[in-house]
Amino acid sequence: MRILVTNDDGIHAPGLATLEEIARELSDDVWLVAPESDQSGVSHSLSLNDPLRLRQVSETRFAVKGTPSDCVILGVRHILGEHGPDLILSGVNRGQNVAEDVTYSGTIAAAMEGTILGIRSIALSQAYGAGGRSALKWDCAREHGPKVVRKILETGIEPGILINVNFPDCEPADVQGVAVAAQGFRNQALLSIDARVDGRGNPYFWLAFAKARFEPGHGSDLKAIAEKRISVTPLRLDLTDEPTLTRFAQAFSA
């Protein structure tokens, strides 16, 4: 099995090294194509107005001055060419990608691009808690990742579907199992604007989530992570809402 590994945190991210370890538990034919710099939050964007600069780091490692989606396309269509990947793994992201995160995440977008290209694709992310980004428990993803990916592949991924996996903020031994979960929704009232002033007196802003108690929905990816379970969520490329499609069709045919 040939595996293409990518991410949105960049070629030097520790999560990419973790994912390479996971991939090498599954195959000895592993290729890395990742952004030259951090591309978190770029979603499914493509570089249409700028050239893609490719830097070969080693025989099977490449850095791209572009987005995660650019990396997948360049990896599949150019670097690997006729012998393309059988599997694309994206991550391991520095921080969870659950709920509305899936619409912003470059990690998810890379898996989406792989799915569009007809390749089985899985996005993996590692949650962190009060300790922040400097205290990520990468061992959780490293230890549980291979068996979770194997189980997903054994079960099968249908065309047009990508799989979103999130590891909880805990040590590997403290994981409370796997939850096949729905995409959750946060309380958007917690979304806030952090307004500041720079050294020259000019205003600037950070988007932030206020810290407050929030009860995640039952059966959601948010709930799974809160309960120290690994969340596995199938996502569809087809965003059509069938009930609304039927209701609108009836309305416009009247």
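The figures follow:
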{"quantity": "Per residue accessible area of the chain, 1.4 Å probe, in Å²", "calculated": "53 Å²"}
{"quantity": "Distance from segment 32-46 to segment 48-126 (C-alpha centre basis), Å", "calculated": "8 Å"}
{"quantity": "Potential extension, residue 100-residue 200 segment - 0.36 nm per residue separation minus Cα distance", "calculated": "32.5 nm"}
{"quantity": "Net length gained if the chain between residue 250 and residue 55 were fully extended (0.36 nm per residue, minus Cα distance)", "calculated": "64.8 nm"}
{"quantity": "Accessible-area composition of the chain, carbon plus sulfur, in percent [1.4 Å probe]", "calculated": "52 percent"}
{"quantity": "Residue-count net charge about residue 23 - beta-carbon cut-off 15 Å; Lys, Arg +1, Asp, Glu -1", "calculated": "0"}
{"quantity": "Residue of 125, 37, 90 that the Gaussian network model of the chain assigns the largest fluctuation, springs spanning Cα pairs under 10 Å", "calculated": "37"}
{"quantity": "Count, lysine Cα pairs under 22 Å in the chain, 8 or more residues apart or across chains", "calculated": "10"}
{"quantity": "Charge tally in the Cβ shell below 12 Å around residue 101, where Lys, Arg are +1 and Asp, Glu are -1, residue 101 excluded", "calculated": "-2"}
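The values are calculated or read from the model by the stated rules, or taken from the named source; none is laboratory data. Bear in mind the structure is a predicted one, so any value in this text is a computation, not a measurement. Cβ sites come from the backbone with ideal geometry, for glycine too, and all protein chains shown count toward neighbours. Areas reflect the complete protein model, heavy atoms only, side chains present, ligands, DNA and RNA absent. Shrake-Rupley method; radii C 1.70, N 1.55, O 1.52, S 1.80 Å.
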